[in-house]
Amino acid sequence: SLLLNKVFWGIALGWFYPTENLFFSMCLPKGQEAELSGFLVYCSTIISWLPPLIFTLLNEAGIHMKYGLISLTAFFFAAIILLSMAAPW
């Protein structure tokens, strides 16, 4: 059971990161790859601390942990909505 869990996570992470970069590179206009790749790195670094901060603040305020986890899923739903509005290439 634990081995299957590790296999699942390995496949999921091995699929996610290359696909994320592929999707981003397919959306870029020609000639702006370098500047927009820098913008991606900048935005990823700036926003990556926000979900853990919200979870920590809710947890330290004494709010039940399930609401902290719900706050984390809000970021996933926002990402799903934004990706569904992306134009096909």
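The values are calculated or read from the model by the stated rules, or taken from the named source; none is laboratory data. What you see is a predicted model, and the numbers here were worked out from it, not measured in a lab. No Cβ is skipped: glycine too gets one built from the backbone with ideal geometry, and neighbour counts run over all protein chains shown. Accessible surface areas use protein heavy atoms only, side chains included; no ligands, DNA or RNA. Shrake-Rupley method; radii C 1.70, N 1.55, O 1.52, S 1.80 Å.
Roughly to the nearest percent, how much of the accessible area of the chain is carbon and sulfur, given a 1.4 Å probe? Working shown, then result.
Details: 5740 of 7550 Å².
With neighbouring chains kept in place, the figure for the chain is 76 percent.
Give me the percent relative contact order of the chain, please, defined on Cα pairs under 8 angstrom at least 6 residues apart.
Details: 22 pairs, mean separation 17.9, N = 89.
That works out to 20 percent.
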Heavy-atom accessible area per residue of the stretch 3-86, all protein chains kept, 1.4 Å probe, expressed in Å², is 83
In degrees between 0 and 90, to the nearest 10, how far off the longest principal axis of the chain does helix 33-47 point, with axes built from Cα atoms? 10
Taking the chain, the whole-percent share of alpha-carbon pairs separated by over 19 angstrom is 60
Based on the mean of other beta carbon atoms within 10 Å per residue, what is the order of 42-51, 65-74, 78-87, most packed first? 65-74, 42-51, 78-87
